[in-house]
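Take this structure first; my questions come after.
We did not get these values from a lab; they are worked out from the coordinates using the rules stated. As the structure is a computational prediction, the values presented were derived from the model and not from experiment. When we count neighbours, we look across all protein chains shown, and the Cβ atoms used for this are built from the backbone with ideal geometry, even at glycine.
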Amino acid sequence: MDAVASPEHLAAARRVRAALSLLEGSADARALGILGEDPRLLAAVAAEPALRALLEQGPEPAEPGRSLRILAEAADTLL
């Protein structure tokens, strides 16, 4: 991926992957209403709708520039 993505794109992808990992790892606790005080998790929870929207594609083709903008916007909300 390093050969085809900018450093900014790579950093945004790392932040989004880390947030998705936090969300997955905390799913059981969150289902029980336990959220905790980890600022990274709280930011990931707040960004979860945007993260899910980024991952879910409709039937229409995805325009790469738009996808990268959505990725950057989602990553900017994360710690």
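Take the residues of segment 1-51 that are within 14 Å of the chain's Cα centre (by Cα) and among the charged types (D, E, K, R): which is surrounded by the most Cβ atoms within 10 Å (Cβ to Cβ)?
Top of the filtered list is ARG15.
Can you name every residue in segment 1-47 that is assigned to a helix (DSSP H, G or I) and among the charged types (D, E, K, R)?
Listed by number, the residues that qualify are GLU8, ARG14, ARG15, ARG17, GLU24, ASP28, ARG30, ARG40.
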